[in-house]
1. From the list Glu12, Glu64, Glu85, which residue is free of Cβ contacts under 8 Å to residues at least 60 places away in the same chain, closer than 30 Å to Asp190 by Cβ and not aliphatic (A, V, I, L, M)?
2. Looking only at helices (runs of 4 or more DSSP H) that lie completely in segment 249-334, which have at least 2 residues being at pLDDT 90 or above, open to solvent by 30 Å² or more (accessible area, probe 1.4 Å) and over 23 Å from Leu415 (Cβ atoms)?
3. Are there any pairs with C-beta distances below 8 angstrom linking a residue in segment 179-197 that is surrounded by 14 or more Cβ atoms within 10 Å (Cβ to Cβ) to a residue that is among the aliphatic types (A, V, I, L, M) and in a helix (DSSP H, G or I), with the two at least 6 apart or on different chains, and if so which?
4. In segment 455-506, what count of residues is obtained for those that are without any contact (Cβ under 8 Å) to a residue 12 or more places away in the chain and of a type in the set (A, V, I, L, M, F, W, C)?
5. Among the residues of segment 516-536 satisfying the criterion of being out of contact with any Lys or Arg (no Cβ under 9 Å at 6 or more places or on another chain) and of a type in the set (Ser, Thr, Tyr), which is most open to solvent (accessible area, probe 1.4 Å)?
6. Within segment 390-412, identify whether any single residue is part of a helix (DSSP H, G or I), of a type in the set (Asp, Glu), out of contact with any helix residue (DSSP H, G or I) (no Cβ under 7 Å at 6 or more places or on another chain) and over 26 Å from Asp57 (Cβ atoms), and answer yes or no.
7. Which condition number does Leu477 fail, the rest of (1) touching a helix residue (DSSP H, G or I) at 6+ places or on another chain (Cβ under 9 Å); (2) crowded, with 22+ Cβ neighbours inside 10 Å being met?
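The values are calculated or read from the model by the stated rules, or taken from the named source; none is laboratory data. Computed from a prediction, not measured in an experiment: that's the story for all the values here. Glycine gets a Cβ as well: all are built from the backbone with ideal geometry, and neighbour counts include every protein chain shown. With ligands, DNA and RNA removed, areas are computed over all heavy atoms of the protein, side chains included. Shrake-Rupley method; radii C 1.70, N 1.55, O 1.52, S 1.80 Å.
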Amino acid sequence: MFITDIRKEFYEVVANQRVALLVASDIDALCACKILQALFHCDQVQYTLVPVTGWQDLSTAFLEHKEQFQYFVLINCGANVDLLEMLQPDDDSIFFICDTHRPVDVVNVYNDTQIKLLIKQDDDLGVPSYDDIFRDEEDEEGDDSGNESDEGSEPSGKRRRFDEGAVERRIERQRAKREWEARRREILFDYEQYEYHGTSAAMMFFELAWMLTKDTKDMLWWGIIGLTDQWVHDKITHMKYVTDIATMQRHVSRHNHRNEDEENSLSIDCMRISFEYDLRLTLYQHWSLYESICNSCYTSCNFKLWTLNGQKKLQEFLADMGLPLKQVRQKFNSMDMSIKENLRDVIEESSNKYGMKDIRIQTFGVHFGYKNRFLATDMVHATAALLESTEKDDTDTDNFIKALDSLSRSNLERLHSGIDQAKKKLIAIQQTVASCICTNLILSQGPFLYCYLMEGTPDVKLFSKPMALILLSKYLLKAFVHSTRNKRCKLLPLIMAAPKDVEKGTVIVVGIPPESETSDKKNFFGRAFEKAAESTSSRTLHDQFDTSIIELKTEDRSKFLDALITLLS
């Protein structure tokens, strides 16, 4: 059931208990987890933190902890399946679920005892009504049972007439039941057809902190990063992003106003958050401007930097801005102050001439003391790189803890190492996109585009991770739309596959919706993948919390694709 008063029905319930926190591996979940941890520290709530990467992890974590814990808080996992069916918990286990995945499973919505959903009601949920989905079996059986017990004492002529009436009623009821079931299937299909995302979990927990009057600037910053993660990984519409940014901006103004009269507002270790109308150039303040332009999806696709013409266009663009190449190619921090002062306006002016009308985006920046300045997007890229790091033989849990650490301002070294890894990841994505487009690896399969990264492709190990592969897919689709002349192909979704585990012979497959500015970001591939796997008996593993990402046996790839083409045609 949906919780209406998050303070009373959630926080005050768990405040005197031991709680198990089961947290998914995405940036929004990490930020939500940081906020909740800070609140728990305030009130000395005992908790155990368990990172979970997929459904199997979630089941294992629950089995390990169900004896010691009655209360479980699930962050960014658990809302879009029938959780009680999956975990089979005891009657006294209670689950608080704060999850951005939509649609929310109807059984979770209508379970009043064990499932408590910390989900905003004003999100466009469209949950079907109870009577359309559930009906009591007793009501149907009850009408007949009384009649049959009397039959023995009746004379035979009467009984036959009476029987005819009972049979007709029964047939009528069965027909009504069949109609109801067909209608139910239709309603559920419409409701569950598309996967999409709702309000950020970090924002939900920040609002809880605000209600408890325990919100700090750190919590506000984590809320902002959670929202920015949804924008960077293209999970929400532009309209939703702008609306949520406005909400966070009000909180930022409130905090800044509150601190104006405090002495520490000018201390060396203070933290200042500011609303920025900044450039869509990834990590440009920690890189050189030239490299950032080359490796940012927005500029790279608009210039088509994988072509010679695109490279020429970029040189013209730099000349138009009047920036010396020496300045553009050195680290941003080392650029002349005179150039840096009005850099954003200069870039915006030139971008408009080159058709890049929206190179600036509403976002937030933070200053830690005087020296360290980060944009919310920098934080998302750095934390994502740490979370899916392939550099050392670290386990998923090690990476989770490092990523969680990088969000604390006391751990700037870890954050800087994340930024370095993020740069390598962006360069790898840019090079892979260029090679896929130049070697025509993107094939039109009819209802969708398809691209497979072969084993032995440079950096292929990096793309065995879901977030990295999704970022690559979004970038690749955007680049393809900019470079193709085929109008029909511009409207198609993309399925991308990359080697997952060579020893086991598996590939990771991800499906993303068509590229368009007005897209509602709804993804139908989750359902399609299930149906295609079912109809061909392909050996698939649907373990990710995002249903549009699956693992598949390499040898089943072609029959699985054929089934998808048939299904979607």
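1. Values: Glu12 fails: closer than 30 Å to Asp190 by Cβ; Glu64 fails: closer than 30 Å to Asp190 by Cβ.
Only one candidate qualifies: Glu85.
2. On the way: elements: 289-295, 297-303, 308-321, 325-329.
Here the list reads 308-321.
3. Arg184/Ile133; Ile187/Ile133; Leu188/Val106; Leu188/Ile133; Tyr191/Val106
4. 0
5. Thr518
6. Going residue by residue through segment 390-412, those that are part of a helix (DSSP H, G or I) are 396-406, 412.
With of a type in the set (Asp, Glu) added as a condition, the list becomes 396, 398, 405.
With the extra rule that they be out of contact with any helix residue (DSSP H, G or I) (no Cβ under 7 Å at 6 or more places or on another chain), the set shrinks to 396, 398.
Adding the requirement that they be over 26 Å from Asp57 (Cβ atoms) leaves none.
Within segment 390-412, not a single residue is part of a helix (DSSP H, G or I), of a type in the set (Asp, Glu), out of contact with any helix residue (DSSP H, G or I) (no Cβ under 7 Å at 6 or more places or on another chain) and over 26 Å from Asp57 (Cβ atoms).
7. For Leu477, the exception is condition (1).
Okay, residues lined up against (1) of a type in the set (S, T, N, Q); (2) crowded, with 18+ Cβ neighbours inside 10 Å; (3) modelled with pLDDT of 90 or more:
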| residue | (1), (2), (3) |
| --- | --- |
| Ser338 | yes, no, no |
| Arg344 | no, no, no |
| Gly369 | no, no, no |
| Asn372 | yes, no, no |
| Leu375 | no, yes, yes |
| Asp394 | no, no, no |
| Arg409 | no, no, no |
| Asp420 | no, no, yes |
